[in-house]
Amino acid sequence: MSDVVPIKLACLDLAGTTVRDIAMVERAFAEAIATQGIVPGTGAYARAMVHVHRSRGCPKIDVFRGIFPGNEAQAQAANLTFERSYEGALDRAGLTPMPGVLEVLDKLRGTGIKLALITGFSRATLSRVLSMLGWHDKIDLAISPEDAGGRGRPWPDMVLHAVLRLEVEDVRQVAVIGDSESDMLCGKRAGASIVAGVMTGVHSRERLLKGGATHILDSIADFPSLVLSDDLGTTQVASSAR
């Protein structure tokens, strides 16, 4: 008899996993720190953008707190600029879902799996994104750090919030998918059986594995076959990766 616990909840990241907006996010970060005197061509700018890259998936305000340590007012000002810049980019360019993502959402929900979107965006930005995507009827829950008491990734709180809100009985019935190391850490710390890293976003295979990925996928299109599989062995880390 198989001892595999069936997946009842899938927690999916946004940028780099379900939607293509990596460049928009990077530009918004660059514009935000420029308003605080950190401009392209300087060492401070290069260091700040390295921090941005390493911190992808984390709450945006926490990223700015790392760039402006000890200066909460500056971090908050940069975060406000980020939100305005990113939402302005959304208005101009819109959002493009990753190839096959709508089919993925429909297939998972069709098997009774509950879906939660989790993100490092603020609740206000997340609401704008959801309105633009029109996915309200395709997911069960969308969670920002504010919804989970303020702690976002790499903490497990958002995944655990989804477990409680959607009445999932066992954390082992959870699958998490994302493109950043912080996504992997979040899923691992929450106790999810599947913590899948996708190669469509910001971090390398090595970074995803370092964060605790149990599986590496080319894209979210490969997610349903993994989640619905009867064999979730660790050998799939190698076989799913290129």
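The values are calculated or read from the model by the stated rules, or taken from the named source; none is laboratory data. Everything numeric here is computed off the predicted structure, so don't read it as measured data. Glycine gets a Cβ as well: all are built from the backbone with ideal geometry, and neighbour counts include every protein chain shown. With ligands, DNA and RNA removed, areas are computed over all heavy atoms of the protein, side chains included. Shrake-Rupley method; radii C 1.70, N 1.55, O 1.52, S 1.80 Å.
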Extension gain, Arg27 back to Leu228 (0.36 nm per residue minus Cα-Cα distance, nm): 68.7 nm
Rounded to 10°, Cα long-axis angle of helix 72-93 versus longest principal axis of the chain: 70
All-pairs alpha carbon distance profile, segment 114-221, 10 Å steps from 0, percent: 16, 46, 35, 3
Inter-site label distance for Ser131 and Glu167 at 7 Å from Cα along Cβ, in nm: 3.1
Ranked order, Ile22, Ile177 - accessible area, probe 1.4 Å, largest first: Ile22, Ile177
Under 18 Å from the Cα of Lys8 - lysines, other chains or at least 8 residues apart: Lys107, Lys114, Lys138, Lys188
Computed accessible area, Lys114, all protein chains, 1.4 angstrom probe, square angstrom: 70
Average accessible surface area per residue within the chain, 1.4 Å rolling probe, Å²: 44
Whole-percent carbon and sulfur share, accessible surface of the chain, 1.4 Å: 51
Packing-based order for 52-63, 132-143, using average beta carbon neighbours within 10 Å, highest first: 52-63, 132-143
Principal axis dimensions, largest first and in whole angstrom, of segment 65-123 by Cα: 48, 27, 16
Global size of segment 42-165 as Cα Rg and Dmax, reported in angstrom: 16.1, 52
Surrounding net charge for Ile139, when Lys and Arg each add one and Asp and Glu each subtract one, Cβ distance under 10 Å: +1
Inter-centroid distance (Cα atoms) of segment 182-198 relative to segment 64-139, Å: 19
Residue order for Thr81, Thr96 - accessible surface, 1.4 angstrom probe, largest first: Thr96, Thr81
Rg/Rh (Cα only; Kirkwood hydrodynamic radius) as it applies to segment 1-82: 1.18
Met24 - accessible surface, heavy atoms, 1.4 Å probe, Å² rounded to 10: 20
Dimensions (Å) - segment 189-230, Cα atoms, principal axes, largest first: 27, 23, 12
The chain: mean projected area of Cα convex hull, nm²: 12.9
Stretch in the chain that is longest and holds no GluC sites (Glu not before Pro) that DSSP places in a loop and that have at most 11 other beta carbons within 10 Å: 1-166
